[in-house]
Amino acid sequence: TIFDLEKVIFPINIKDHWICGCINIKKKRIEFHCSMGSDCGDLYVILKRYIEDEIKHKQLSINETWSYHVPTDVPLQDNNLDCGVFTCMFMYCLCNDITTDFAQGDIANFRLKIAYEIITNKLV
């Protein structure tokens, strides 16, 4: 089940804007990383319901309280074009347990890195 994992990380698209979602199983919290600074409150309700349904469907005896977390120190975009790249970078940082220590000025290089990885089918 998903509860055997440390985290489940995924992109979410809402009205042409990409954000990064994370069900952090280890910390028992639902996280959202948004490059526009949104609190994503409506999504928390949906993901909390998903977790509850998953527990019920798998007939697990898990009775835990899940918290809601939106970090306030994430890098923010300064245009309406780069949310997808920011989301990819948030996902990369979460997967590798590193801080989101990048800025708008890094996005052009990240685009090239992502394109290279897609073309060569190799992560760098």
How high is the relative contact order of the stretch 2-120, in percent, with contacts defined as C-alpha pairs under 8 Å that are six or more residues apart?
25
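Got a sec? What order do 35, 61 fall in by accessible area at 1.4 Å, biggest, i.e. largest, first?
Result of the area sort, largest leading: 61, 35.
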Taking all protein chains as present, what is the carbon and sulfur share of the accessible area of the stretch 2-120, in % to the nearest whole number, probe 1.4 Å?
54
Whenever you get a sec, line up 64, 117 from highest to lowest accessible area (probe 1.4 Å, protein heavy atoms).
64, 117
Could you work out how far apart the two model spin labels at residue 38 and residue 81 are, taking each label as a point 7 Å from the Cα in the direction of the beta carbon, and quote it in nm?
2.1
Considering only DSSP beta bridges with both partners in the chain, what is the antiparallel share in %, to the nearest 5?
80
Restricted to pairs 8 or more residues apart or on different chains, the lysines in the chain with C-alpha atoms under 16 Å apart form a number of pairs equal to 10
If I stretch the segment between residue 17 and residue 73 completely, what's the gain in nm (0.36 nm per residue apart, minus their alpha carbon distance), one decimal?
18.2 nm
Using a simple spin-label model with points 7 Å from Cα along the Cα→Cβ vector, what separation in nm is obtained for residue 62 and residue 1?
0.6
Need one number: nm distance between label points at residue 10 and residue 122, each 7 Å from Cα along Cα→Cβ, rounded to one decimal.
3.2
Which entry is the computed Rg and Dmax of the Cα atoms in Å for this structure: (i) 15.7, 47; (ii) 18.7, 58; (iii) 13.3, 39?
(i)
Whenever you get a sec, line up 27, 56, 15 from highest to lowest accessible area (probe 1.4 Å, protein heavy atoms).
15, 56, 27
Note to self: with every protein chain in place and a 1.4 Å probe, the chain gives an accessible area per residue in Å² of 65
With angles folded into 0 to 90 degrees, how steeply does helix 107-120 sit against the dominant principal axis of the chain? Use alpha carbons for both and round to 10.
80
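The values are calculated or read from the model by the stated rules, or taken from the named source; none is laboratory data. Remember, predicted model here, so these are calculated numbers, not experimental data. Don't worry about glycine lacking a Cβ; one is built from the backbone with ideal geometry, like all the others, and counts go over all protein chains shown. Protein only, heavy atoms only, side chains kept; ligands, DNA and RNA dropped before computing areas. Shrake-Rupley method; radii C 1.70, N 1.55, O 1.52, S 1.80 Å.
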